[in-house]
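**Q** I'd like to ask you about the structure that follows.
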Amino acid sequence: MTTVQHHETTIEVDPDVPLVRIVREFDAPPAKVFRAHTDPELVVQWLGPRDVTMEIDHHGTVGARYPGNH
């Protein structure tokens, strides 16, 4: 039997800095979480609405953006 824990997501916004920090703990090994955020084929599966086609163009580098077309 697999047990899944649901962790609370926190969103922090500093009104003096143009930054939104989203913190969440995942029930997966770090390598899988990293791949889910850096593999364009996986990113389009979880980022954005399900009924929208998306193309991601990024290389998973530090400071990279997610330039995508919906």
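Throughout, read-outs are computed from the coordinates displayed, never taken from laboratory work. Values in this document were obtained by computation on a predicted structure and should not be read as measured data. No Cβ is skipped: glycine too gets one built from the backbone with ideal geometry, and neighbour counts run over all protein chains shown.
**Q** Rounded to the nearest 0.05, what FRET efficiency do residue 39 and residue 19 have when you use their Cβ-Cβ distance and R0 = 35 Å?
**A** 0.90
**Q** Order of 36-44, 12-20, 48-56 by packing, highest average Cβ count within 10 Å first?
**A** Ranked from most to least packed, the peptides come out as 36-44, 48-56, 12-20.
**Q** Determine ³J(HN,Hα), in whole Hz, for all residues of region 7-21 in sequence, where each value follows from phi through the Karplus function 6.51 cos²θ - 1.76 cosθ + 1.60 and θ = phi - 60°; x replaces Gly and Pro.
**A** These are the phi-based 3J(HN,Hα) values: 9, 6, 8, 10, 10, 10, 10, 9, x, 9, 10, x, 8, 10, 10 Hz.
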